[in-house]
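Peer 1: Please see the structure below; I have some questions.
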Amino acid sequence: MWDELVLILGSYLLGSLPFMYIMGRLKGVDLREHEDMHIALWRNVGRMQGLLGVFLDFAKGAIVVVAARSAGFEPGWVAFAGVAAVAGQMWPVFMKFDGEKGNSIGLAMSATLATKASLIAMVVMATGLLIRTIPRLRQPNQSASERLKFGGPPSNSLPVGMAVGFAVLPPAAWVMGQPWEVIVALAGLFVLIMVRRATAGISEDLRQPSGKRSMLLNRLLYDRREL
């Protein structure tokens, strides 16, 4: 049991490592002042640093699963270690428990844990991304730099696609014959994603005099307070 506890704790701490925040601080930018660290790193620090930040987020999710499997842990503990890493990204001990949304590390973790099931979820997520991105790329009179601009206007399709994609993971894993522990862990991942959406930076929104029901619904569906 001690080995399993060390695995879970170590996975959480790895997920908590604030690589993007550190890269921003090295360039004099506090990424905590921005709503999305990935976009802020890309725009305010540099594209190479932005790509590296995304890679490191993906790597944290994948490394935990690969390392736990290589060490011979049972599938359930491998899955729960992956979820612990995602929780560390969302509520990192090194950042006063106020971290990121967990989408990138969650996607990497699930893709490494249950690859076939994750392919189905990725199709759903990619659909949301394409609905959001293709019209912007087709706009005339854009420079190459503008076409490669990371972020852009707020999207409705992308956050909905991400939420539905994570929701699809548990039933897809069940269809693919994954162990029940993996299915439960993927269901837990979806719950964490939605809880983080609902609660990230919510204190300011709760000070508003009205519209709390619509605010919560917009957070869950579109990952922001207002459309």
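The values are calculated or read from the model by the stated rules, or taken from the named source; none is laboratory data. None of these values were measured; they are calculated from a predicted model. Counting neighbours? That spans all protein chains shown, and the Cβs are built from the backbone with ideal geometry, glycine included.
Residues are listed down the side, and each one gets a yes or a no for (1) of a type outside the set (Ser, Thr, Tyr); (2) surrounded by 16 or more Cβ atoms within 10 Å (Cβ to Cβ); (3) not in a helix (DSSP H, G or I):
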| residue | (1), (2), (3) |
| --- | --- |
| Met48 | yes, no, no |
| Val54 | yes, yes, no |
| Gly61 | yes, yes, no |
| Gly72 | yes, no, yes |
| Phe80 | yes, yes, no |
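Peer 1: Can you tell me which residue within segment 69-115, out of those that are of a type outside the set (Gly, Ala, Ser) and at positive phi, is modelled with the highest pLDDT?
Peer 2: Of the residues in segment 69-115, the ones of a type outside the set (Gly, Ala, Ser) are 69, 73-75, 77-78, 80, 83, 86, 89-98, 100-101, 103, 105, 107, 109, 112-113, 115.
Next, only the ones that are at positive phi stay: 96-97.
Details: Lys96: 89, Phe97: 92.
By that ranking, first place goes to Phe97.
Peer 1: So, one more: Would you please name the residue that is nearest to Met95 (Cα to Cα), looking only at residues in segment 25-49 that are small (Gly, Ala, Ser) and out of contact with any Gly (no Cβ under 9 Å at 6 or more places or on another chain)? Show your work before the answer.
Peer 2: Our first condition is that a residue be small (Gly, Ala, Ser); within segment 25-49, this holds for 28, 40, 46.
Applying the additional criterion that residues be out of contact with any Gly (no Cβ under 9 Å at 6 or more places or on another chain) yields 28, 46.
Details: Gly28: 17, Gly46: 22 Å.
Filtering segment 25-49 for residues that are small (Gly, Ala, Ser) and out of contact with any Gly (no Cβ under 9 Å at 6 or more places or on another chain), the one nearest to Met95 (Cα to Cα) comes out as Gly28.
Peer 1: Looking at (1) farther than 30 Å from Glu74 by Cβ; (2) without any contact (Cβ under 8 Å) to a residue 40 or more places away in the chain; (3) buried (at least 16 other Cβ atoms within 10 Å of the Cβ), find the lone condition where Ala200 falls short.
Peer 2: Here Ala200 clears every test but (2).
Peer 1: Same structure, new question: Which helices (runs of 4 or more DSSP H) sit wholly inside segment 116-211 and have at least 3 residues that are modelled with pLDDT of 70 or more and under 21 Å from the mean Cα position of the chain (by Cα)?
Peer 2: Output list reads 157-175, 180-199.
Peer 1: Now for a different question. Which members of segment 20-46 meet the condition of being surrounded by fewer than 18 Cβ atoms within 10 Å (Cβ to Cβ), among the hydrophobic types (A, V, I, L, M, F, W, C) and either in contact (Cβ under 8 Å) with a residue 40 or more places away in the chain or touching a Lys or Arg at 6+ places or on another chain (Cβ under 7 Å) (or both)?
Peer 2: Ile39
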